[in-house]
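Worksheet: the structure to be examined is printed underneath.
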Amino acid sequence: MSDSTLTERTPHHRPGAADRVVIDQVSKRFEITVSRKRQSVQALDRVSLSIADGEIIALTGLSGCGKTTLLRIIMGLEKATSGQVTVGGNVVTGCGYDRGLVFQHSELFPWRTALQNVEFGLEVKGVPREERRRVAREKLELVGLAGAMDRRPNQLSGGMKQRVGLARALSIEPQVLLMDEPFGALDAQTREGLQAEVLRIHRETGKTIVFVTHDLDEAVLLAHRVVLMAPHPGRVKQVFDIPIEGPREDVSAVRGSETFAELRYQIWRSLMERDEQP
Ligand SMILES: Nc1ncnc2c1ncn2[C@@H]1O[C@H](COP(=O)(O)OP(=O)(O)OP(=O)(O)O)[C@@H](O)[C@H]1O
Ligand SMILES: [Mg+2]
């Protein structure tokens, strides 16, 4: 592999596709009080990244490098100290239906069935009942839960719950899907199944996806580009193009390829490199 795949700022994977998400010089400082002393944590330092429409970005890096903070800023749950994020050309000032979030433990209402949980977001959006039901069914089918719509969360496995969380996020038809270690708590086999599902859903819906993961295999498998972040302060360390052509849903075959192993190794090496403070 040539070094050209490892440039700091790589061109879009999808030439011609418009930018869907533009992260422009985003910094975030948290002021906290520890043992009555005020401290300042620079969670993000001037992070910039343009994400093309339909692109899958994997955000990875050591614990505390600001992945969740960045995702929450894109979602509009957290305000940047400086810099801004635009989604579809609009500056993010709060949550919106153009973005959907899935996290590690999808909080589902225990008293609601899978179907009713997926309907929730649509209720908030004010979608009429019939339409709500139809869309929720369609999304549960899309994530492979057609047979479990009437089960309550305590009757679902961890993997199934994550599927419900994914269906719920998809139900509002967001243009951007933000996923924070969605499969982090699952066993390897369930995880692999869900990775293939994400790839299939991406093929069918063309959503832009920002996927946070600690798992480099998962990052390389899913993403068009892997963005490696570094902590203290949280920043983009390196961006890797992942030029794996063709469908990746045959997860085992992709994982077994030489290109895969090589890319994974390069990212791992960069992750382990001692960081110079910028
Ligand atoms: N609400 C908060 N108040 C104070 N500090 C925070 C807050 N949220 C995050 N931080 C700090 O900001 C930095 C980045 O945290 P963040 O959770 O974004 O990291 P992360 O990359 O998601 O880590 P992990 O891989 O462990 O999930 C950390 O130093 C963290 O302690
Ligand atoms: Mg996190």
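Which is the longest run of the chain containing none of the trypsin sites (Lys or Arg not before Pro) found in DSSP loop states (not H, G, I, E, B) with at most 13 other C-beta atoms within 10 Å?
The answer is 80-273.
Name the long-range amide H neighbours of Q238: under 5 Å, sequence gap of 5 or more, or other chain; modelled H, no Pro or chain starts.
Residues meeting the amide H criterion: L228.
Using the Karplus curve 6.51 cos²θ - 1.76 cosθ + 1.60 with θ = phi - 60°, what ³J(HN,Hα) values do you get for each residue of region 70-82, in whole Hz, with x for Gly and Pro?
Once rounded to whole Hz, the list reads 5, 4, 5, 5, 4, 5, x, 8, 9, 9, 6, 6, 8.
Could you derive backbone 3J(HN,Hα) for region 97-110 from the dihedral phi with the Karplus parameters 6.51, -1.76 and 1.60 (θ = phi - 60°), listing whole Hz in sequence and x where the residue is Gly or Pro?
6, 7, 10, x, 10, 10, 10, 4, 10, 4, 6, 10, 6, x
Summarise the accessible area of the chain (1.4 Å probe, protein heavy atoms) by the percent that is carbon and sulfur.
Looking at the chain in its full context, I get 48 percent from C and S.
Given the Cα-Cα distance of E273 and V22 and 0.36 nm per residue of separation, how much length would full extension add, in nm? Display every interim value, and only then the final one.
Values: separation 251, 0.36 × 251 = 90.36 nm, distance 2.78 nm.
Going from the current span to full extension adds 87.6 nm.
If each residue of separation counts as 0.36 nm, what is the full-extension length gain between Q104 and A185 once their alpha-carbon separation is subtracted?
On the way: separation 81, 0.36 × 81 = 29.16 nm, distance 0.68 nm.
Full-extension gain reported as 28.5 nm.
What size of dipole, in debye to the nearest 20, comes out for region 156-278 about its Cα centre when the only charges are +1 on Lys and Arg C-beta atoms and -1 on Asp and Glu C-beta atoms?
It comes to approximately 280 debye.
Are there GluC sites (Glu not before Pro) in region 109-146 that DSSP puts in a loop and that have at most 10 other Cβ atoms within 10 Å, and which ones?
On the way: sites: E119, E123, E130, E131, E138, E141; in loops: none.
Qualifying residues, ordered by number: none.
Under 5 Å between amide hydrogens, which residues at least 5 positions from G83 or on another chain qualify, with H placed 1.01 Å from N in the peptide plane?
Excluding prolines and chain starts, which carry no amide H, the hits are S27.
With +1 assigned to the C-beta of every Lys and Arg and -1 to the C-beta of every Asp and Glu, and no other charges, what is the dipole magnitude of the chain about the Cα centre in debye, to the nearest 20?
Values: 38 positive and 37 negative charges, 219 e Å.
That gives the chain a dipole magnitude of about 1060 debye.
Using modelled amide H (1.01 Å from N, peptide plane; none on Pro or chain starts), what sits under 5 Å from the amide H of E78, excluding residues fewer than 5 places away?
Here the answer is I73, since their amide H atoms fall under 5 Å of that of E78.
So what's the back-of-envelope 222 nm ellipticity for the chain, counting only DSSP H runs of four-plus at -39500 (n - 2.57) apiece and dividing by all residues, rounded to 500?
Estimated from H runs of four or more residues: -10500 deg cm²/dmol.
Give me the number: length gained by fully extending V91 to H214, i.e. 0.36 nm times residue separation minus the C-alpha to C-alpha distance, one decimal in nm. Before the final figure, lay out each step's value.
Numbers: separation 123, 0.36 × 123 = 44.28 nm, distance 2.86 nm.
Taking V91 through H214 to full extension adds about 41.4 nm, to one decimal.
The values are calculated or read from the model by the stated rules, or taken from the named source; none is laboratory data. Quick caveat, the model's predicted, so the values are computed rather than measured. All Cβ positions, even for glycine, are placed from backbone atoms using ideal geometry, and neighbour counts span all protein chains on display. For the accessible areas, the whole protein counts, side chains as well, though only heavy atoms, and no ligand, DNA or RNA atoms are used. Shrake-Rupley method; radii C 1.70, N 1.55, O 1.52, S 1.80 Å.
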